[in-house]
Every structure is written in structure tokens, then in C-alpha cells.
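So the structure is just underneath, and the comments pick up after that.
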Amino acid sequence: MDHILPDYFVSEATWFYLSLLLSIAVFFRFDRILSLRNLDLLLLLSISPGLLFVGTNPILGNVWLFVGTGLFVVRMSVDCFFQRRPRGEQNLNSFGMAFLCISIFTFLMIRVFTEIPAPETIQTVKQADNLLSMQDVTKTQIQKTPEAGPTARLLATPVVPLSTAMVNGLDASTLAARIMAFLAHAFVVVGLIIMGKVHFSDTQLGLAMALLYLLLPCTAYDVSKANHVLPAALLVWAFVTYQKPILSGIFMGLACGAMFFPVFLLPLWASFYWKNGFKRFALSGSVVGIILLGSLILTSVDRFSFTKQTIGSIDWSVLKFEGGQKIPGFWGDYESAYRIPVFIGFVLLIACLTIWPRRKNLAHLMSHSTAIIIATLLWYPQQGSVYLLWYLPMLLMVVFRPRLLHTTQNKDVDRHQHSSEKPTSRFQDSVSIVKPTTQ
């Protein structure tokens, strides 16, 4: 960055204050102080100081993030009870938000290409290089907690040769890691814009979601951690293609292979597609799983090597509730046994959100999926609530969504709603009048 802007430096605290002012100026509804949009915006901004405290006062920071995460779980779990979703304009028009999106994205990407990438991302790039050369990695593999599954290294394989051709030196892995972070954030931003344009019938909402994603401090703090952005990007595109179960199954399968937490969404998505598209969704996801296992075979010389890589790609330590573990994060100062009731509550939450309501639409799918992902961080032992990028894009979709009563996959529900509720305008889902529904 010094070559472009000499002596340019923005600290994490400075970025927080700047993003706080910009977010309030663009998204806060001054004409309706007591509105759901303002509450969501304040919750999003209030959790960011916890990330700052983690570096200076870990105990306070972890408690701050844990409480904020719990509030988000409650908010997402009850989102469908808020029937009134009035269409609210942002305080900046579409052209202004597009300009801000491009500007902030440029600054973030300059930071990605000038700072040292996250070690986990470089490790993923090296695994992709081993996959291209089909080398057995079990003998040289470092025994440590896996950061990402086989999806990350499989998707990184096209980036490695490109980086080698551009650099042709020892810094090729660093450049590949930076390109991975760039592409991951780009897929999130484009996915949010398309989500607003196609499913929310409003491009301005898509730009608003993308802009707030780029503005929030948690994005800037972990901007180079491509492994944490990748599963969220794949989930965004699973929502974008939800009307085509084959495509959504592919993206969901890739997300499950990127990190462990999307696996907990499978029962919910299966119930959503149960009467219309479940077979296609399950089949495409299974094919992706087979391909991911096949990528592990390419770097295995025998059955033992394949088994070791398959088991090693899953972080089994998150399911251990043994005492005496010194782990960073909220649970590092408490006995592991206290995580057991939290995990039981998490399982009950999955069961409740999967069963209720029986007839789900896109609004239920988004809010329930987000609630499950956020609730995962309440019992996750390593860092836990620090990983805001796991759920941030989906959370923004729930915050900005209009009413989505017509977006169910159940054909019987579709016929009933089309016969009882006729849209009168392009923004029929954004009216303020509560209409009786069968949900």
C-alpha cells in the first residue's frame, strides 16, 4: 500500500469508527427510529467491538462476542414472526451504493494483496499443489487441527498454475492465497447483488447487502482468511439457485466439504425440498461428495493413506467434551462439561427449526439456516464466536429481505397462495399490511 498511498495506514479501531459512521449514514432509518431495520443494524455494529477486545482483553472480548452471538440466534429464530416487512429505501441511491461498493472493495483487496495472507490459506494452496502433482501427503502432513476440507484445495487448483505462471518463483503460493481471498469475497458480493435482484425483486436491496457486508469491521479484520469466506460464499449461491435443486445441491455439497458447519443444515434443506426436488438435491450433493473423496484418492498411495486423509479432513476435536483442554476462545476459561447442555440445546434447535413450520418458504430457509450456523459458534470450542464471516452474508439476507410468501417449494402451497393472493405490483412482498396466510 505504501507504493500507492505513502504512509497510508488504517488501524482496526479507526476502521470501526469509519464503518460505524458510514453504516449509520447509509442504512439507519431516521424517519422510523423504532424499526426492525434499525435494531438489526445496531446489533451488527455492536458486536464488532468484541473483535477489538479479543486482542487487548480476551476475556471481555470473548464474553462480548458470546452474548452478541446468542442475541443473533434469538433474532434469527423468531424472524418469521415479523410479518410486516415494509420496503424501506436506503439513505443513498443505487448509483451511490454501487460507487461505495467498488471503492471499499478496492481498498479491501489492496489490503489483501499487500499484507501477508493467513497461514491457513497458504496451507490450502500447498495442498492444492500436492493435488495437482498427485503427491502422497500423509508422510509429510503436519499433525494439526485441519482448517478446511477438500473443497478448498479442489477449488484452489485452477489458481495455483495461474499464480506460478505470473510469479514463477517462491512467492507463487502467497499470490495464490491472495487470489483465493479475492475470489471468495467477490463471489459473496456478486451473490448478494443477484439475490436482491432475482429473489427480492430489487437491485437496490442487493447493493445494500453487498455494501454493508464490505463496510462491517469483521470483514476487514479477516479479509485474507479465504477458508472462512469460502463456505459462506457457497451457501449464498445455494440460496441464489434454490429454485433449481440440482444447482443448490452442488453448492451445498461443496460447502459441506469446505468446513464442517454446513452439514448441520442438511436436515433443514431436506425438509424444504421434501415434496419437490429432494431427490435432485440429494443426488447432486452426493455426486459432489464422491468427487471430493476422489480428490483425496489422487493424493493417496494406498488404503491407509486414503483413510488417514479422510479422517484427518474432519476436525473431530470439536465433538470432544474432555476436561483439561486449553483452547482459545470463550470456553477456554470454563470446564468442557458446560458445553454439553449448550450442544444439546443446539441439537434441539435444529430439530425444531427443521420440523416447524411444515410448509416452508425461502424466508424460513434463510432465517433458520442462519440461526443454526450462528448457534454452532455457541458450543464450538476453538475461538467460537470470533468467526463472524461464517454467517454474515446469510444474516444480511435475512435483515434486508422483503416478504417471501410465494417462494415455497411445495406445489400444493404454491397453488393455494396463487389462488388466494394475487400480486398487484413488483414489490408485492414489501407491503406493510399483514395478510392471513396458512403458515
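Scanning the stretch 15-34 for residues that are under 21 Å from Q83 (Cβ atoms) and surrounded by 15 or more Cβ atoms within 10 Å (Cβ to Cβ) turns up just one, R29. Among the aliphatic types (A, V, I, L, M) and at pLDDT below 70, is that true of V167? Criteria met by V167. Of all residues in the stretch 184-204, exactly one satisfies the criterion of being of a type in the set (S, T, Y) and either under 17 Å from V112 (Cβ atoms) or outside any loop (DSSP other than H, G, I, E, B) (or both), namely T203. Checked against (1) at pLDDT 95 or above; (2) part of a loop (DSSP other than H, G, I, E, B), Q439 passes all but condition (1).
Per this entry, K197 is not counted among residues that are open to solvent by 30 Å² or more (accessible area, probe 1.4 Å) and either touching a residue at least 12 places away in the same chain (Cβ under 8 Å) or of a type in the set (D, E) (or both). Sort out which residues of the stretch 47-84 are over 26 Å from L348 (Cα atoms) and open to solvent by 50 Å² or more (accessible area, probe 1.4 Å), and write them in order of number. Within the stretch 47-84, F53, G55, T56, N57, P58, I59, L60, R84 meet the criteria. Scanning the stretch 372-402 for residues that are modelled with pLDDT of 85 or more, assigned to a loop (DSSP other than H, G, I, E, B) and surrounded by fewer than 24 Cβ atoms within 10 Å (Cβ to Cβ) returns R401, P402. Just one of the listed residues (K197, K144) is out of contact with any helix residue (DSSP H, G or I) (no Cβ under 7 Å at 6 or more places or on another chain) and either at pLDDT below 90 or under 30 Å from R87 (Cβ atoms) (or both), and it is K144.
Somewhere in the stretch 24-31, is a residue modelled with pLDDT under 90 and in contact with a Phe, Trp or Tyr (Cβ under 7 Å, 6 or more places away or on another chain)? Looking for residues that are modelled with pLDDT under 90 and in contact with a Phe, Trp or Tyr (Cβ under 7 Å, 6 or more places away or on another chain), one finds none in the stretch 24-31, hence no. Within the option set S224, S248, being surrounded by 22 or more Cβ atoms within 10 Å (Cβ to Cβ) and either out of contact with any Pro (no Cβ under 7 Å at 6 or more places or on another chain) or free of Cβ contacts under 8 Å to residues at least 60 places away in the same chain (or both) holds for one residue only, S248.
Under the condition of being acidic (D, E) and in a helix (DSSP H, G or I), the residues counted in the stretch 30-68 number 1. Scanning the stretch 72-117 for residues that are in a helix (DSSP H, G or I), at pLDDT 90 or above and closer than 30 Å to T354 by Cα yields a count of 7.
Suppose the filter is modelled with pLDDT of 90 or more, of a type in the set (G, A, S) and farther than 21 Å from A148 by Cα; does G289 pass it? Criteria not met by G289. Take the stretch 327-353 and flag every residue that is open to solvent by 40 Å² or more (accessible area, probe 1.4 Å) and part of a loop (DSSP other than H, G, I, E, B). Across the stretch 327-353, the qualifying residues are P328, Y334, E335.
The values are calculated or read from the model by the stated rules, or taken from the named source; none is laboratory data. Not measured: the values here are computed from a predicted model. Ideal geometry is used to build each Cβ from the backbone, glycine not excepted, and the neighbour counts take in all protein chains shown. All accessible areas refer to the heavy atoms of the entire protein, side chains included, with ligands and DNA or RNA removed. Shrake-Rupley method; radii C 1.70, N 1.55, O 1.52, S 1.80 Å.
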